[in-house]
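Have a look at the structure below before the remarks.
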Amino acid sequence: MRQKLEYALVWLLVKLLGLLPRRAARAVGAAIGWIAFHTLPRLRRVGMKNLALAFPNKSRAERKRILRTLYRSLGWQLAEFCQMPRYTLEQANQFIRYEGLEHYLAARQRGRGVLVLTGHLGAWELSSFYHSLAGYPMSMVIRRLDNPLVDRLVNSIRCQHGNRVLHKNDFARGLIVAMRAKETVGVLMDTNMTPPQGVFVDFFGHAACTASGVARVAQHTGATVVPGFLLWEPAEKRYVLHFLPALQLAHTGDDDQDAIANTQLFTSALEDVIRRWPEQWLWVHRRWKTRPPGEPQMY
């Protein structure tokens, strides 16, 4: 009964926000973000803690401004997600543009499969949707939602134009199969992990347990790794889907050390982008929860 009620509420929200004009839907999303910022103190504390870890030289007021802007960004993304089922490419092109698409196309041309390195930054749900709408469907490594009814609804929207979902509980095999088929897979690489699936690498000056499976798959298959992010550009009042040049992976013959080095490479690439657009990263995730042996807890 609870799952059906949750599904009904999510379905209703998707329908209501989807029926509004886009500008009105984004205004409602921003209002939802404002309410969440002021009514969810635990997440707010996590966000402020993370910002203090990442930006010790910034004032508390500046960190709070970044966090408040993040909540607006999340509200906008909620609105965009609800609007996605009705978007056409012509409509989406009015508020989204590519930058660096040639880097993605060059990676595809190599014919070894493409791993799009991304994170919970900007409008990550809209990014893969727009890419498929533009004629470049891809797979996405996604954690199953706890409610299977909501999970099915959300995935039906994500996959409307040819995208596919690879679930995290079997993502390594799915990635290898996709790379051998010369496909594209987007991977969110910025969440806390635990050993042995995760290795400790530096992230904003602190050890962060990070999934090493993507690095191992890239090493094993020869896939090209291209960072990609859909970010809001205030000056343009539109989103820009950035593809950066392919990353040059370490290949020394020591698989374990290469996996650590390449995971660090991926994490550093993410950090560079987050530093440029700090207001758009998901600071409310407990990214540094897993600690190396002997280190105190962060949260």
Solvent-free Debye scattering, log10 I(q)/I(0), computed from the Cα coordinates of the chain at q = 0.06, 0.12 Å⁻¹: -0.19, -0.82
Radius ratio Rg over Rh of the stretch 5-90, counting only Cα atoms, Kirkwood formula for Rh: 1.09
Potential lengthening between Gln219 and Leu20 on full extension [0.36 nm per residue; Cα-Cα distance subtracted]: 67.0 nm
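Report D for the stretch 189-271 in µm² per second (integer): Stokes-Einstein, Kirkwood Rh on Cα pairs, 37 °C, 0.692 mPa s. Write down the numbers at each step before the final one.
Numbers: Rh = 13.8 Å.
Value of D from the Cα-based Kirkwood radius: 238 µm²/s.
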Among the helices of the chain (complete DSSP H runs), which have Cα atoms covering no less than 24 Å along the helix axis and a Kyte-Doolittle mean of at least 0.5? 2-19
For the stretch 59-183, how big is the tail of P(r) above 24 Å, as a whole percent of Cα pairs? 36 percent
Simple spin-label estimate for Ile176/His38, 7 Å along Cα→Cβ, in nm, reads 5.3 nm
All aspartates and glutamates inside 20 Å of Lys64 as judged from Cα atoms, apart from same-chain residues fewer than 8 positions distant: Glu271, Glu279
Counting alpha carbon pairs within less than 8 Å and at least 6 residues apart, what relative contact order, in whole percent, applies to the chain? 24 percent
In sequence order, calculated HN-Hα J values of the stretch 84-92 (Karplus, 6.51, -1.76, 1.60; Hz; x Gly/Pro): 3, x, 9, 5, 9, 4, 4, 5, 5
Simple spin-label estimate for Ala61 and Gln109 in nanometres, 7 Å along Cα-Cβ: 5.1 nm
Could you name the lysines whose alpha carbon sits less than 26 Å from that of Lys15, not counting residues in the same chain fewer than 8 places away? Lys4, Lys237
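Based on alpha-carbon atoms only, what is the radius of gyration of the stretch 155-299 relative to the globular estimate 2.2 N^0.38 Å? Show your work: numbers first, answer last.
Working: Rg = 16.2 Å, N = 145, 2.2 N^0.38 = 14.6 Å.
So the stretch 155-299 has a normalised radius of gyration of 1.11.
Just so you know, all these numbers are worked out from the coordinates, no wet-lab data involved. For clarity, every value in this text was computed on a predicted model and none was experimentally measured. Heads up, the Cβs are rebuilt from the backbone with ideal geometry, glycines too, and the neighbour counts pull from every protein chain shown.
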